[in-house]
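The values are calculated or read from the model by the stated rules, or taken from the named source; none is laboratory data. Since the structure is predicted, the reported quantities are computational estimates derived from the model, not experimental observations. Neighbour counts run over all protein chains shown; Cβ positions are idealised from the backbone, glycine included.
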Amino acid sequence: MLAYQLDTSEEVLLQPEDLIISKTDTRGHITYANRTFMQIAGYEEHELLGKPHNLIRHPDMPRGVFRFLWQELKQGHEFFGFVKNYTSNGQFYWVFANITPDLNSKGEVKGYFSVRRRPSREAIRQVSEIYQKMLEIEQRSSGQEAPDRSLEFLQQLLQGQGVSYERFVMRLQAASK
Ligand SMILES: Cc1cc2nc3c(=O)[nH]c(=O)nc-3n(C[C@H](O)[C@H](O)[C@H](O)COP(=O)(O)O)c2cc1C
């Protein structure tokens, strides 16, 4: 068992070599979790399998990010993004996630596949600020519309900077570690 370093704010830091891997069915229910996932999130395999992936959802994550994630997956695209997750004992960890459709031999979507690695600290710094603003927008908007409003904010922000979402996250991840 590896010892994961904690800072005072109870953050679990991934090591550079860590890869957290999970698979889900088409509804986002977990069908596979690797050992690193279990160790970092603090769950046994039987506590994860069959559970919705929002089991580890952190309240600091805006709903607009997940709205975008599912929009991309439903269109057959892959998703890249920075996600803050909860561990089973209430700590948190940040990841740089890639999620792709998982196809069967006929090319039909049988679920989704996610690989996550350590994000750059610069990414976390910038993304935390943006997510905070998205959360504020969601708190001011009515239930159903809230994720659309916060996603619009993100898209306008990036448009203003003249970058696509994907380029934005890739640049952040490539920033000094
Ligand atoms: C393969 C895959 C991996 C996911 N990984 C995460 C994750 O690490 N953390 C998370 O909060 N949501 C993850 N999600 C998204 C969740 O399914 C869910 O949409 C999200 O937690 C928001 O919860 P909600 O849809 O109930 O609002 C993942 C989805 C898929 C398909």
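Of the residues making up segment 136-177, those that are farther than 28 Å from residue 36 by Cβ and of a type in the set (A, V, I, L, M) number 7.
Within segment 63-78, being within 10 Å of the ligand (Cβ to nearest atom), of a type outside the set (Lys, Arg) and over 9 Å from the mean Cα position of the chain (by Cα) holds for 70, 73. Of the residues making up segment 56-64, not a single one is touching a His at 6+ places or on another chain (Cβ under 7 Å) and closer than 30 Å to residue 142 by Cβ.
Quick grid of which residues meet (1) within 24 Å of residue 148 (Cα to Cα); (2) at pLDDT below 95; (3) surrounded by 14 or more Cβ atoms within 10 Å (Cβ to Cβ):
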position	(1), (2), (3)
24	no, no, yes
33	no, no, yes
43	no, no, yes
54	yes, no, no
70	yes, no, yes
74	yes, no, no
82	yes, no, yes
90	no, yes, no
93	no, no, yes
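For beta carbons closer than 6 Å, sequence separation of 6+ or different chains, a first residue in segment 39-60 that is closer than 19 Å to residue 124 by Cα and touching a residue at least 40 places away in the same chain (Cβ under 8 Å) and a second that is within 12 Å of the ligand (Cβ to nearest atom) and in a helix (DSSP H, G or I), the qualifying pairs are 41/56.
Across segment 107-126, the qualifying residues are those that are in a loop (DSSP other than H, G, I, E, B) and surrounded by 15 or more Cβ atoms within 10 Å (Cβ to Cβ), and the one among them that is nearest to the ligand (Cβ to nearest atom) is 119.
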